[in-house]
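As structure tokens, the structure follows; a few thoughts come after it.
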Amino acid sequence: MPLARSATRSGETRPFPGIHPPYLLRRSSRRRSLALRVSEAGEIVVNAPLLLSQREIDGFLHKHADWIGARLQAAREHRFDWQDGVLLPYLGGQLQLRLLDQPGPARARQDGAALLCNAQPAQAPALVLRWYQRNARALLGERLAHHAAHAGCPMPPLRLSNARTRWGSLSARGVVSLNWRLLKAPLEAIDYVICHELAHFKQRNHSPAFWREVAVLFPDWKKVRSELRQNGRLYFQF
């Protein structure tokens, strides 16, 4: 197996046998222990105390080599394959991606149950993601305005999020962030996430009082939250 290298804060590279792809080493004076993460995209990240020796880091990686391998395998199995005919999640259903080779500008557009992408295969991911984000901004803004009016509060500023683990958040300044990947989920899941964030205007926590606020705005929140958690991995494939 090829050697992998990890980048330190100073940019120095160090070989480490038995791990592929390369791992990212982040050192911090605030850390007191080692932490290891393998993302769904297959990125390996090690967070280490600033002065911890490389020998201890290497030993830590050797100790968790089986776990790293299992996580990398899971990431490979869930990696999205951008090819003609692949199915894209959209509003709880699916669109079929059709890669075209026609004269004209490279772009993606919906045609019934298909998403037509006039581009070379290598261009498709960026074009499709822009299509999702453009349409997400319009739909999420519309649903946020609807639920804000229903809750009796002014329309808050909306920010489109690209977070890898969160569907939404509310900033201290009252900006609602919503993940563009919500466009892949059913409309009721979108409405639940929006109502969840609107409830934070009254309760900046997740106390019982907060969930009572959510229930006022979206009574069926438990069922929809459970379904969103169950299907979330599919929505985060790209």
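The values are calculated or read from the model by the stated rules, or taken from the named source; none is laboratory data. As the structure is a prediction and not an experimental result, all values here were calculated from the model. Glycine gets a Cβ as well: all are built from the backbone with ideal geometry, and neighbour counts include every protein chain shown.
The single condition from (1) more than 16 Å from GLY93 (Cβ to Cβ); (2) among the basic types (Lys, Arg); (3) surrounded by 21 or more Cβ atoms within 10 Å (Cβ to Cβ) that LYS202 fails is (3). Do we have ARG109 as free of Cβ contacts under 8 Å to residues at least 40 places away in the same chain and either surrounded by 12 or more Cβ atoms within 10 Å (Cβ to Cβ) or assigned by TED's automatic domain parsing to the domain that holds PRO219 (or both) here? The answer is no for ARG109. Among residues of the stretch 146-156 being surrounded by fewer than 15 Cβ atoms within 10 Å (Cβ to Cβ) and either of a type in the set (Gly, Ala, Ser) or not assigned by TED's automatic domain parsing to the domain that holds ASN231 (or both), the one that is nearest to LEU228 (Cα to Cα) is ALA149.
Quick one: what pairs do we get from the stretch 135-159, first residue without any contact (Cβ under 8 Å) to a residue 40 or more places away in the chain and over 14 Å from PHE218 (Cα atoms), second among the charged types (D, E, K, R) and part of a loop (DSSP other than H, G, I, E, B), C-beta under 9 Å, 6+ apart or different chains? Taking only residues 6 or more apart or on different chains, the pairs are PRO157/ARG173.
Taking the stated definitions as given, is ARG159 of a type outside the set (Gly, Ala, Ser), in the same structural domain as GLN230 (by TED's automatic domain parsing) and in a strand (DSSP E or B)?
yes
Filter the stretch 178-205 down to the residues that are of a type in the set (D, E, K, R) and in a helix (DSSP H, G or I), then identify the one that is farthest from TYR235 (Cα to Cα). For the stretch 178-205, the residue satisfying everything is GLU197.
With respect to LEU97, is the statement that it is on the phi > 0 side of the Ramachandran plot and modelled with pLDDT of 90 or more true? Against the criterion (on the phi > 0 side of the Ramachandran plot and modelled with pLDDT of 90 or more), LEU97 does not qualify.
Scanning the stretch 212-238 for residues that are of a type in the set (A, V, I, L, M, F, W, C), at pLDDT 95 or above and under 24 Å from the mean Cα position of the chain (by Cα) yields VAL214, PHE218, TRP221, VAL224, LEU228. Based on what the data block shows, is GLY104 in the same structural domain as ALA119 (by TED's automatic domain parsing) and of a type in the set (Gly, Ala, Ser)? Taking the combined requirement at face value, the residue satisfies it.
Might you check whether a residue that is of a type in the set (Lys, Arg) and surrounded by 15 or more Cβ atoms within 10 Å (Cβ to Cβ) occurs anywhere in the stretch 123-133?
Among the residues of the stretch 123-133, not one is of a type in the set (Lys, Arg) and surrounded by 15 or more Cβ atoms within 10 Å (Cβ to Cβ), which makes the answer no.
Tell me, which residue of the stretch 166-203 that is touching a residue at least 24 places away in the same chain (Cβ under 8 Å) and among the basic types (Lys, Arg) is farthest from GLU227 (Cα to Cα)? Of everything passing the filter in the stretch 166-203, ARG181 is farthest from GLU227 (Cα to Cα). For the stretch 159-185, a residue qualifies if it is surrounded by 18 or more Cβ atoms within 10 Å (Cβ to Cβ) and in contact with a Leu (Cβ under 9 Å, 6 or more places away or on another chain), and the qualifying residues are SER161, TRP167, GLY168, VAL176, SER177, LEU178, ASN179, TRP180, LEU182, LEU183, LYS184, ALA185.
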